[in-house]
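Student: Would you mind keeping the following structure in view while I ask a few things?
Any read-out appearing in this document is the output of simple, stated calculations on the displayed coordinates, not a laboratory observation. Owing to the predicted nature of the structure, the values given are computational and were not obtained by experimental measurement. Neighbour counts are summed over all protein chains in view; Cβ atoms, including those assigned to glycine, are modelled from backbone coordinates with ideal geometry.
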């Protein structure tokens, strides 16, 4: 998938999204700057070995960095249009920061571990483990980047709109819906191109990311069952933001 409408989703998306949830998913909180300097937004500073391959045959860190930039640009353009239509000004998320080591970035006083991606409100940026992200990109393809950025960007929009639910699951399911709306609307406007079979890959992937059946829905960190997450994402994808309880 590409913002110039020349790409497409590829690969076993389910495996990617399982890894995302297993890594701890995302949360909203305070954040401190990386220790030892700040990478340029979207610029990977480390990556797995070049022997890795992905479904469409591309492996380069440069392609990954371009997809990060494209996903960010599409998200910014999409949300700017939504805010403009409501007569409001839009402020893009300030930074997207790749990190290499556990503890290099902290959020609300909590050091981020490896294999993670988060949005943090204090400091207003998205941070992600670059080696983990590039490895998933190589295995799955650019769908990883667009879904990841879409979901995390949705958390930034929630902050801008002053949305704060009592339970994590409500925040996360709404972010899934908003990510679905961002992708669906971008496909309909031809800002992105969807390939044959990609919707089914989304369904298979989302079915794999639900919380453990024994996890209480009200527990801190709950994201929702597989059925709830799939329903939320595709409600947004098919019905746009009207489905996302933003009114």
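Student: Give me the extension gain from residue 83 to residue 101: residue separation times 0.36 nm, minus the current Cα-Cα distance, reported in nm with one decimal. Intermediate values should be presented prior to the final figure.
Tutor: On the way: separation 18, 0.36 × 18 = 6.48 nm, distance 3.57 nm.
Answer, rounded to one decimal: 2.9 nm.
Student: How high is the FRET efficiency between residue 66 and residue 190 when r is their beta carbon distance and R₀ equals 25 Å, given to the nearest 0.05?
Tutor: Efficiency at R0 = 25 Å is approximately 0.85.
Student: Rounded, prolate or oblate: which one fits the stretch 104-179, using the alpha carbon gyration tensor with axes a ≥ b ≥ c (rounded when a/c is under 1.5, else prolate when a/b beats b/c, else oblate)? The partial results should precede the final answer.
Tutor: Numbers: a/c = 2.22, a/b = 1.31, b/c = 1.69.
Since a/c reaches 1.5 but b/c is at least a/b, the shape of the stretch 104-179 is classed as oblate.
Student: Here is a follow-up. Take the Cβ-Cβ distance between residue 226 and residue 165 as r, set R0 to 22 Å, and report the resulting FRET efficiency rounded to the nearest 0.05. Working shown, then result.
Tutor: Numbers: r = 20 Å, r/R0 = 0.92.
Using R0 = 22 Å, I get an efficiency of 0.60.
Student: Something else about it: Mind pulling up the Rg/Rh value for the stretch 52-175? Radius of gyration and Kirkwood radius, both on Cα.
Tutor: Numbers: Rg = 15.2 Å, Rh = 15.4 Å.
In the stretch 52-175, Rg relative to Rh is 0.98.
Student: Under 15 Å from a label point 7 Å along Cα→Cβ of residue 218: give me every residue in the stretch 171-190 with its amide N that close.
Tutor: So the set is empty, nothing qualifies.
Student: Further question: Tell me whether the stretch 153-195 comes out rounded, prolate or oblate; compute the Cα gyration tensor, take square roots of the eigenvalues as a ≥ b ≥ c, and use a/c under 1.5 as the rounded threshold. All intermediate terms of the calculation are to be shown ahead of the outcome.
Tutor: Numbers: a/c = 4.28, a/b = 2.31, b/c = 1.85.
Verdict is prolate for the stretch 153-195.
Student: If I model a spin label at residue 76 and residue 90 as a point 7 Å from the Cα along the Cα→Cβ vector, what separation in nanometres do I get?
Tutor: For residue 76 paired with residue 90, the spin-label model returns 1.1 nm.
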